[in-house]
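The values are calculated or read from the model by the stated rules, or taken from the named source; none is laboratory data. Just so it is clear, the structure is predicted and the values come from calculations on it, not from any experiment. Methodologically, a virtual Cβ is constructed for each residue, glycine included, from the backbone with ideal geometry; neighbour enumeration extends over all protein chains shown.
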Amino acid sequence: MSILSHCKKLWESATVPNRKKFLEQMAQAMGNPANVWNEVPLWALANIPDFDSLPSDLCGHLLVACTESGFDSEKLEKFFEAIACSAQDEKDCCVLCMKETRYAKNVRIEIRKCYIEGAGQLCNECYKRIEKAP
């Protein structure tokens, strides 16, 4: 499997929080701690499930991260596996602002507050803002 197809497969199979963590770590390694890529928030990019729909320069950086100077395909796969393992006890993130909520991912939605069926978990602030919207 080529680096491109391996990177694409891992991106498309990763969860949104895992993609966001990967993008944050890559941005930090590049000296860009602002959590944006060409003025687009990293959480918005992490929500793009299709690798080919990402900005081409970001795809290029992701591919470089998968090479000798960064990750090879085996290291990249282990990176995503490690993130996935740490995500088992991880808190669910707000679907609007991507802030961590108080609920673990394994908590049933029936007992959660600020959960909107069909949309997902919201933090208290976003939920209150939506309730006030006309």
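Matching residues to (1) of a type in the set (Phe, Trp, Tyr); (2) modelled with pLDDT of 80 or more:
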{"position": "31", "(1), (2)": "no, no"}
{"position": "34", "(1), (2)": "no, no"}
{"position": "40", "(1), (2)": "no, yes"}
{"position": "43", "(1), (2)": "yes, yes"}
{"position": "62", "(1), (2)": "no, no"}
{"position": "89", "(1), (2)": "no, no"}
{"position": "100", "(1), (2)": "no, yes"}
{"position": "112", "(1), (2)": "no, yes"}
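Filtering the range 94-134 to residues that are aliphatic (A, V, I, L, M), assigned to a helix (DSSP H, G or I) and within 19 Å of residue 17 (Cα to Cα) leaves only 109.
Scanning the range 42-53 for residues that are touching a residue at least 40 places away in the same chain (Cβ under 8 Å) and within 14 Å of residue 7 (Cβ to Cβ) yields 51, 52. When residues in the range 6-28 are screened for being touching a strand residue (DSSP E or B) at 6+ places or on another chain (Cβ under 9 Å) and among the β-branched types (Val, Ile, Thr), 1 of them pass. Residues that are surrounded by 19 or more Cβ atoms within 10 Å (Cβ to Cβ) and over 16 Å from residue 53 (Cβ atoms) were ranked within the range 4-19; the one that is modelled with the lowest pLDDT is 18. Evaluating residue 58 against the criteria (1) loosely packed, with under 15 Cβ neighbours inside 10 Å; (2) in the same structural domain as residue 25 (by TED's automatic domain parsing); (3) modelled with pLDDT of 75 or more leaves one unmet condition, (1). Of all the listed residues (119, 133), the sole one being exposed (fewer than 12 other Cβ atoms within 10 Å of the Cβ), at pLDDT 65 or above and under 18 Å from the mean Cα position of the chain (by Cα) is 119.
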